[in-house]
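The values are calculated or read from the model by the stated rules, or taken from the named source; none is laboratory data. This structure is a prediction, so every number in the text was calculated from the model and none was measured. Positions of Cβ are generated from backbone atoms using ideal geometry, with glycine treated the same way; all protein chains shown enter the neighbour counts. What goes into the accessible areas is simple: the full protein's heavy atoms, side chains included, and nothing from ligands, DNA or RNA. Shrake-Rupley method; radii C 1.70, N 1.55, O 1.52, S 1.80 Å.
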Amino acid sequence: QVQLVESGGGLVQPGGSLRLSCAASGSILSISNMDWYRQGPGKQRELVASITNGGSTNYADSVKGRFTISRDNAKKTVYLEMDSLKPEDTAVYYCNANVRTTLLSRGSVYWGQGTQVTVSS
């Protein structure tokens, strides 16, 4: 089984920064897209940022200019650098990866367990 393990969440003051990490492990042949989602209280889960295997990135309008997604393919890890944090960024953040486990199989989506980010003074 593939496992995604997240770290880096916590409590931060408005204007502060956090870096989230999500490391993939298990029977992994290759990983295509890696994404970060979040779900705030009473809200739908939304896509925050995505990155392709080649390094192309996309961001939700609400985080453009403040968040940066990156990946280290050797470490099978995706990062989300969050700067200038606002209270409305408070949410559970989930990483997501499309993982191919065998040569003849198609990729499947796996999710991390989620990590809480709270922005409050």
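Of the residues making up region 76-106, those that are in a loop (DSSP other than H, G, I, E, B) and in contact with a Ser or Thr (Cβ under 6 Å, 6 or more places away or on another chain) are D83, T90, T101. Whenever a residue of region 74-89 is under 18 Å from S50 (Cα atoms) and touching a residue at least 40 places away in the same chain (Cβ under 8 Å), its partners that are of a type in the set (S, T, N, Q) and part of a loop (DSSP other than H, G, I, E, B), lying with C-beta atoms within less than 8 angstrom and at least six residues away or across chains, give the pairs E81/S17; M82/S17; D83/S17.
Among the conditions (1) open to solvent by 80 Å² or more (accessible area, probe 1.4 Å); (2) in contact with a Cys (Cβ under 8 Å, 6 or more places away or on another chain), C22 misses just one, which is (1). For region 86-117, a residue qualifies if it is under 12 Å from R38 (Cβ atoms) and over 15 Å from the mean Cα position of the chain (by Cα), and exactly one does: E88.
Scanning region 83-117 for residues that are under 18 Å from P41 (Cβ atoms) and of a type in the set (A, V, I, L, M, F, W, C), we see that the one that is most open to solvent (accessible area, probe 1.4 Å) is V92. Restricting the first member to region 18-42 and to residues that are closer than 27 Å to S120 by Cβ, and the second to residues that are of a type in the set (G, A, S) and open to solvent by 50 Å² or more (accessible area, probe 1.4 Å), the beta-carbon pairs closer than 6 Å and six or more apart or on different chains are S21/S7. For region 44-58, name all the residues that are at pLDDT below 95 and surrounded by fewer than 13 Cβ atoms within 10 Å (Cβ to Cβ). G54, G55 - these are the residues of region 44-58 that are at pLDDT below 95 and surrounded by fewer than 13 Cβ atoms within 10 Å (Cβ to Cβ). The C-beta contact set for region 107-121 (first residue of a type in the set (S, T, N, Q), second residue open to solvent by 90 Å² or more (accessible area, probe 1.4 Å), distance under 8 angstrom, 6+ apart or interchain) comprises T118/L11; S120/L11; S120/Q13; S121/Q13.
Across region 59-73, the number of residues qualifying as loosely packed, with under 14 Cβ neighbours inside 10 Å, within 17 Å of M34 (Cα to Cα) and free of Cβ contacts under 8 Å to residues at least 12 places away in the same chain comes to 1.
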